[in-house]
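Presented below is the structure to which this report refers.
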Amino acid sequence: MRIGELARRTGASPRALRHYEQAGLITSGRAANGYRVYEEGAVARVANIRYLLDAGLTLDDVSAFRSCLDGDVPSAAPSDLGLRIARERLAVLDARIAAQTAARDRLAAALAGAQPWAQAGAGSSTENGAPLGIR
């Protein structure tokens, strides 16, 4: 099947499929006209890649699962390596969420501090040289 059909059947964009191929997660042959041609098994393989990506893993993380991408990844028992990768990715996501929450809290506090001046009609705080009243 050509890349457009694989994209249609899996919900992945052709660009994503080329990216997966560049990462070595899927393979294709070439037709006489140079178009990529994928085997039927690529449908399940791409579905598994997308399942792992949707779960929060990165493409580098997914590459560790190359040997099992042709199976039923969602139903398979996780390996020790799979669990380690998932735990590491969860820790990274938790750290990012904590950093974003802290940034959000700082911005909310700055906005709350800027409210009295905005309500008094003193003009924007940037006119006074300090954005959002942060000094």
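A compact table of results
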read-out	value
Cleavage-rule hits, chymotrypsin sites (Phe, Trp or Tyr not before Pro), the stretch 1-41, DSSP coil, Cβ neighbours within 10 Å at most 13	Tyr35
3J(HN,Hα) from dihedral phi, the stretch 55-70, Karplus parametrisation 6.51/-1.76/1.60, rounded to Hz, x for glycine, proline	6, x, 7, 8, 4, 5, 4, 4, 4, 5, 9, 3, 5, 10, 5, 8
Calculated FRET value between Ala86 and His19, using beta carbons and R₀ = 22 Å, to 0.05	0.50
Expected 222 nm ellipticity per residue - DSSP helices of 4 or more, -39500 (n - 2.57), all of the chain, to 500	-18000 deg cm²/dmol
Mean-position separation - Cα centroids, the stretch 1-62 and the stretch 63-120, in angstrom	25
For the chain, size of Cβ-based charge dipole, Lys and Arg +1, Asp and Glu -1, in debye	320
With at most 14 neighbouring Cβ atoms within 10 Å, loop GluC sites (Glu not before Pro) (DSSP) excluded, longest segment of the chain	41-126
Net charge contributed by nearby residues that have their C-beta within less than 11 Å of Gly11 (K/R +1, D/E -1)	+2
Relative counts (whole %) of C-alpha pair distances in the stretch 5-51, using bins that are 10 Å wide	27, 63, 10, 0
Rounded accessible area of Val37 (nearest 10 Å², 1.4 Å probe)	50
Probe 1.4 Å, accessible area per residue of the chain, Å²	66
Estimated vicinal HN-Hα couplings, Hz - the stretch 30-47 in sequence order (Karplus 6.51, -1.76, 1.60; Gly, Pro = x)	10, 6, 4, 7, x, 5, 5, 10, 10, 7, 4, x, 5, 4, 5, 4, 5, 4
Answer label, with Kirkwood radius over Cα pairs in Å calculated from the coordinates and candidates (1) 18.6; (2) 19.6; (3) 17.4	(1)
Gaussian network model of the chain, Cα within-10 Å springs - most flexible of Ser28, Ser67, Ser75	Ser75
Length-normalised contact order for the chain - Cα pairs under 8 Å, 6+ apart - percent	16
Under 5 Å, built H, 5+ apart or other chain: amide partners of Phe65	none
Amide H within-cut-off set for Val37, under 5 Å, with H built and near neighbours excluded	Gly29, Arg30, Ala31
Dipole-positive endmost among Ala23, Ser13, Ala77 within the chain (Cβ charges, Cα centre)	Ser13
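The values are calculated or read from the model by the stated rules, or taken from the named source; none is laboratory data. Model, not experiment: these values are computed from the prediction. Please note: Cβ atoms are built from the backbone with ideal geometry, for glycine as well, and neighbour counts cover all protein chains shown. When the accessible area is computed, the model is the full protein with side chains, heavy atoms only, and any ligands, DNA or RNA have been set aside. Shrake-Rupley method; radii C 1.70, N 1.55, O 1.52, S 1.80 Å.
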